[in-house]
């Protein structure tokens, strides 16, 4: 994930209300990227064989793209490029498997 998070123990949890909007969007993009991979049938966790669901993969990727569009004015150019690259990589993988 791209962002500046302080290390917290599992007992402490993560107080989402204390995060800046760019950090929250970064979390959402990270979760959606994992779901996109999973729905494309690519193993996200070792030993797991997920089912393909290309409709859900497409929704996850398109949602990421919208979030990244909103995030771009709030982050450095380098960070925005990394997010864009992540979306592009997922789009290419989607095209390859569909």
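Throughout, read-outs are computed from the coordinates displayed, never taken from laboratory work. All values reported here derive from a predicted model rather than from experimental measurement. Note: ideal-geometry Cβ built from the backbone for every residue, glycine included; neighbour counts use all protein chains shown.
The table below gives the values:
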item: Between 0 and 90°, nearest 10: helix 77-97 axis offset from the chain longest Cα axis; result: 20
item: For the chain, alpha-carbon Rg and Dmax in angstrom; result: 14.5, 41
item: Proxy reagent accessibility, fewest Cβ within 10 Å first, across 75, 59; result: 59, 75
item: Over region 48-87 - Rg/Rh using Cα atoms and the Kirkwood inverse-distance radius; result: 1.13
item: Angle in degrees between helix 54-71 and the longest Cα principal axis of the chain, rounded to the nearest 10; result: 30
item: Simple label model, 7 Å out from Cα along Cβ direction - residue 51 to residue 77, nm; result: 4.6
item: Sorted by Cβ neighbour density within 10 Å, fewest at the top, the residues 52, 45; result: 45, 52
